[in-house]
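Notes follow once the structure below has been shown.
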Amino acid sequence: MFLAQRRLCSLDSRAKFLKTIYSSKILGLPASAMSLKITNAKRIEGLDSNVWVEFTKLAADPSVVNLGQGLPDISPPVYVKEKLSKIAAIDSLNQYTRGFGHPSLVKALACLYEKFYQNQINPNKEILVTVGAYGSLFNAIQGLIDKGDEVIIIMPFYDCYEPMVRMAGATPVFIPLRSKPVDGKRWSSSDWTLDPQELASKFNSKTKAIILNTPHNPIGKVYTKEELQVIADLCIKNDTLCISDEVYEWLVYTGNKHLKIATFPGMWERTITIGSAGKTFSVTGWKLGWSIGPNHLIKHLQTVQQNSVYTCATPLQEALAQAFWIDIKRMDDPECYFNSLPKELEVKRDRMVHLLESLGLKPIVPDGGYFIIADVSLLDADLSDMKDSNEPYDYKFVKWMTKNKKLSAIPVSAFCNEETKLQFEKFVRFCFIKKDSTLDAAEEIIKAWIRQKS
Amino acid sequence: MFRNVAAIYLHLAGLLQRKKAGTSLTRCLHQTFAMAKRLQARRLDGIDHNPWALEPGSPVPVTVKHAPPDFASQLCSQQLRDSGQVTSLFEPQQFQRVEFSRMASEYDVVNLGQGFPDFPPPDFAVQAFQLALSSDFMLNQYTKAFGYPPLTEILASFFGKLLGQEIDPLKNVLVTVGAYGALFTAFQALVDEGDEVIIIEPFFDCYEPMTLMAGGRPVFVTLKLSPTQDGELDSASNWQLDPTELASKFTSRTKALVLNTPNNPLGKVFSEAELELVASLCQQHDVICISDEVYQWLVYDGHQHISIASLPGMWERTLTIGSAGKSFSATGWKVGWALGPDRLLKHLRTVHQNTIYHCPTQGQAAVAQSFQHEQAHFGQASSYFVQLPEAVLRSRDHMVRSLQSVGLRPVIPQGSYFLIADISDFKSKMPDLPGDAEEPYDSRFVKWMIRNKGLAAIPASIFYSMPHRKHFDHYVRFCFVKDESTLQAMDEKLQRWKTELRP
């Protein structure tokens, strides 16, 4: 029996050996290149493509005016840069800090957000500092979403929501924002709404969470109290969680107010609210974000943190804390960055609206955020020389515009799932958190474009 | 129906609490939330608790390090003002006893437990960071997702030479949030449900939970001590893998083997022969090698760090992980990297773009600049990668001498900045130290040492899988990447201890 086994074993390994050599000989490849169960884990199957990698490469040409990626080319506030530069000289801040968030930072965040939640926030148990808001989304989804769960995603959506939900083994369930332009009235992001009955129909016993993004990327919608109440009611009725991506929370324009769904009755206990230093202080390269919520949810995000990155960079967290203290002190002051930035951006928004209208487009005026979308099919651009006819219209348009007009943007269908790309394929997204000279250059391009058309 | 009732109850309870909240501005931290469906994801099972953490709800009294400015007291709630809490700097180890840190700060203790330097990074590195902060303001914005180009380029050229391999900065390099982030990305990319991962004990404790979170099954193989001559101090190089035992751990389900050289906590530097053994088994069984080489510059006594990826046949199946934090004594920068063939790295890139997407820009710029410095000084006396091990070696030898004076028996490490010390003598002389029922001896010993001798270390058993801890409860880990003043403070404690020893 033992001998038989041994013979089988040696036969087996010999067979394996032969199989390897034989098959590699057939393909003419060296033996070492074959074989390799270097197969990826199933969790990342189909998640390898990424719109940004493609389009940022396209816009990297310095002669292109880049209104694509949501990256400010304005300088962050001076005191933010100054803080960071002083901190680098402090020895201890070059070593590891507390994994769930540098103490002075979580204290500053608790202090700031207590004002909005009308409740104390425990800095150690109800806050987690992450690698950007992106990292908070990942921690929340990995911590709370399981294989077989369903997660409701409102379309168009910031593109990472879908792959993150899929990576967690869950199923995304999509619902579109819907609107039609109204004649004689400027099209606004507030015209884009969810149908309450349609939304209710998306909830079932498998629904674990809904992802909310307000102010919204790419449309710029700022959800109203009534709209949030509809979502809150459904979350409570269906016993689901809410992951609220509020990175643009300070960027709301005149006549609008950012509301936190976690402050609605019954919602604190089931909501994770996500914020971003990058968007708050125009320092996207610092990659610091945070999740705020009840400990019974945050603790699971903390578990993911301690098994993924463990801790975020120390000097950046300390600098951020100090920058926060400066602005927390003067929240009612127009000089406070939380007030001055939206004022500055509202002017740029209005300029972009005007520019796009002059080109004959109907842009959707955003109530918040720093993006604006417009239906570009009205331009009737000649895209016949764009190969790859499988791509949606807006992909082709952006590539054509980048190449021929030296102006880049992002196709809005990138913010849709496969099945519904057509619903938004006429729309293109422009980013306006850009310095005046960038917008001047964009204006020149658009003026030339208008002349060419006439 | 039950779900709706529960939901309604919560809704009402929430309203009531809000009402209460309006009057007293307090919210109970421990309010119950009874979701009918399971709350947390199953991938967190078994990796969610820190077995050494304090009970939830109890405050963690720790040392004030960075108190917020005074005006905060006017702006924030009473709770925040009263908390007075800021945290001592924690070590990023899964099982780092929060309790040990707490104790270390409560008592007057020389902390040789925390595994990071208590001296600053070299001047050129600090200057590199300051330059990154004061030059192009666009460094405050996103950079390329897979790595800031000047960093990926210098890593490619620097390590290409060391590994004897043509390294493409775009295809063979991924920048991550610390080596920790590189490890996580690797596990998520390549370990699937049911895959087995071989982990060599003692191990840096994150390997096990990372394997579990990816749905994998850790398979442990222990470094075994070859007996030394009586009276001689043990050496980490005496701790070896049994080739037959190692071979037996490979099955058709083995996906990866995690190698850590130089090793934490032991300080073992794997020899070429040992690496060849691991390499041949990986090739024979078609297994990926995840090689954690964060301490690669810290090798002593003429030993050489060898990257397993440089051995024949290994580049195509190895991920080589490194750390700027350990290389430049700047652990708080959290910049790490994974090097490897494109067919492995592409999967790590997929994970990366779906987890954090970008790493902070300025830290990367500082590391790139620091590597430029090292490339210019490579192999010379002026190189930090030469100076640091020289300085840390002196600290090692100092610690080895000093610890023996009280009957601790250090195991001489050939690399890293840790050593473990045998406490068997203490175990036989004072077997009944206070502690919890199931608490291993080394953990009780560490607590006793903190309370009574003013020295903190880490029990070595936490670097072992659960079933093996009881076999390795007679070692504690000391960290020696410490300033001279810290080692002198250690000497004072040891001198006092010596006088207290029973004859």
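Residues considered: A:125, A:185. Of these, the only one that is free of Cβ contacts under 8 Å to residues at least 40 places away in the same chain, assigned to a loop (DSSP other than H, G, I, E, B) and either at negative phi or out of contact with any helix residue (DSSP H, G or I) (no Cβ under 9 Å at 6 or more places or on another chain) (or both) is A:185. With respect to residue B:396, is the statement that it is in contact (Cβ under 8 Å) with a residue 12 or more places away in the chain and either exposed (fewer than 15 other Cβ atoms within 10 Å of the Cβ) or within 29 Å of residue B:498 (Cβ to Cβ) (or both) true? For residue B:396, the condition - in contact (Cβ under 8 Å) with a residue 12 or more places away in the chain and either exposed (fewer than 15 other Cβ atoms within 10 Å of the Cβ) or within 29 Å of residue B:498 (Cβ to Cβ) (or both) - is met.
Candidates in the range B:300-336 are the residues that are surrounded by 22 or more Cβ atoms within 10 Å (Cβ to Cβ) and closer than 19 Å to residue B:237 by Cβ; of these, the one that is farthest from the other protein chains (Cβ to nearest Cβ) is B:307.
Inspect the range A:398-414 for any residue being in a loop (DSSP other than H, G, I, E, B), surrounded by fewer than 19 Cβ atoms within 10 Å (Cβ to Cβ) and either polar (S, T, N, Q) or under 22 Å from the mean Cα position of the chain (by Cα) (or both) and give the result as yes or no. No, the range A:398-414 has no match at all.
Just so you know, in the range A:359-383 the residues that are surrounded by fewer than 16 Cβ atoms within 10 Å (Cβ to Cβ) and at positive phi include one that is modelled with the lowest pLDDT, and it is A:380. The number of residues in the range B:234-258 that are surrounded by fewer than 24 Cβ atoms within 10 Å (Cβ to Cβ) and not in a helix (DSSP H, G or I) comes to 12. If you check residue B:444 against the conditions, is it assigned to a helix (DSSP H, G or I), basic (Lys, Arg) and surrounded by fewer than 16 Cβ atoms within 10 Å (Cβ to Cβ)? For residue B:444, the condition - assigned to a helix (DSSP H, G or I), basic (Lys, Arg) and surrounded by fewer than 16 Cβ atoms within 10 Å (Cβ to Cβ) - is not met.
Filtered by the rule that a residue be closer than 13 Å to residue A:40 by Cα and at the interface with chain A (Cβ under 7 Å from one of its Cβ atoms), the range B:188-217 gives B:188, B:189, B:190, B:191, B:192, B:214. Name the residue that is farthest from the chain's Cα centre (by Cα), counting only residues in the range B:305-355 that are hydroxyl-bearing (Ser, Thr, Tyr) and assigned to a strand (DSSP E or B). Applying the filter and picking the extreme gives B:318. If the condition is being within 23 Å of the chain's Cα centre (by Cα) and of a type in the set (A, V, I, L, M, F, W, C), then the range B:463-489 contributes B:463, B:466, B:472, B:476, B:478, B:479, B:480, B:481, B:487.
Being among the basic types (Lys, Arg) and in contact with a strand residue (DSSP E or B) (Cβ under 8 Å, 6 or more places away or on another chain) holds for only one residue in B:394, B:401, B:409, and it is B:409.
Looking at the range A:143-154, which of its residues are within 17 Å of residue A:244 (Cβ to Cβ) and either under 14 Å from the mean Cα position of the chain (by Cα) or outside any loop (DSSP other than H, G, I, E, B) (or both)? A:143, A:144, A:151, A:152, A:153, A:154, listed by residue number. Taking first residues from the range B:129-147 that are under 21 Å from residue A:78 (Cα atoms) and partners that are crowded, with 22+ Cβ neighbours inside 10 Å and β-branched (Val, Ile, Thr), the Cβ contacts under 6 Å between residues at least 6 apart in sequence or on separate chains come to B:139/B:361; B:140/A:283; B:141/A:284; B:142/A:284; B:143/B:361. Per the conditions (1) in contact with a helix residue (DSSP H, G or I) (Cβ under 9 Å, 6 or more places away or on another chain); (2) buried (at least 18 other Cβ atoms within 10 Å of the Cβ), the sole criterion not satisfied by residue A:191 is (1).
Quick grid of which residues meet (1) more than 21 Å from residue A:306 (Cα to Cα); (2) at pLDDT 55 or above; (3) facing another protein chain (nearest Cβ under 7 Å); (4) buried (at least 24 other Cβ atoms within 10 Å of the Cβ):
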position: B:84; (1), (2), (3), (4): yes, no, no, no
position: B:87; (1), (2), (3), (4): no, no, yes, yes
position: B:90; (1), (2), (3), (4): no, no, yes, no
position: B:98; (1), (2), (3), (4): no, no, no, no
position: B:107; (1), (2), (3), (4): yes, yes, no, no
position: B:110; (1), (2), (3), (4): yes, yes, no, no
position: B:120; (1), (2), (3), (4): yes, yes, yes, no
position: B:127; (1), (2), (3), (4): yes, yes, no, no
position: B:130; (1), (2), (3), (4): yes, yes, yes, no
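Listed here are the residues, each with its yes/no results for (1) under 19 Å from the mean Cα position of the chain (by Cα); (2) of a type in the set (A, V, I, L, M, F, W, C); (3) assigned to a helix (DSSP H, G or I).
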residue	(1), (2), (3)
A:227	no, no, yes
A:256	no, no, no
A:262	no, yes, yes
A:272	yes, yes, no
A:282	yes, no, no
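In the range A:90-100 there is at least one residue matching the filter, namely being of a type in the set (Gly, Ala, Ser), touching a helix residue (DSSP H, G or I) at 6+ places or on another chain (Cβ under 9 Å) and not in a loop (DSSP other than H, G, I, E, B). A search for C-beta distances below 8 Å between a residue of the range A:258-277 that is within 13 Å of chain B (Cβ to nearest Cβ) and more than 20 Å from residue A:226 (Cβ to Cβ) and any residue that is part of a loop (DSSP other than H, G, I, E, B) and β-branched (Val, Ile, Thr), counting only pairs 6+ apart in sequence or on different chains, returns A:276/A:247; A:277/A:283.
Please verify whether residue A:169 is within 14 Å of chain B (Cβ to nearest Cβ), in contact with an Asp or Glu (Cβ under 8 Å, 6 or more places away or on another chain) and modelled with pLDDT of 95 or more, treating the condition exactly as stated. Walk me through how you get there before you give the answer.
Numbers: within 14 Å of chain B (Cβ to nearest Cβ): yes; in contact with an Asp or Glu (Cβ under 8 Å, 6 or more places away or on another chain): yes; modelled with pLDDT of 95 or more: yes.
The answer is yes for residue A:169.
Residues in the range A:58-79 include none that are free of Cβ contacts under 8 Å to residues at least 24 places away in the same chain, within 9 Å of chain B (Cβ to nearest Cβ) and assigned to a helix (DSSP H, G or I).
The values are calculated or read from the model by the stated rules, or taken from the named source; none is laboratory data. Please read all numbers here as calculations on a predicted model, not as lab measurements. When we count neighbours, we look across all protein chains shown, and the Cβ atoms used for this are built from the backbone with ideal geometry, even at glycine.
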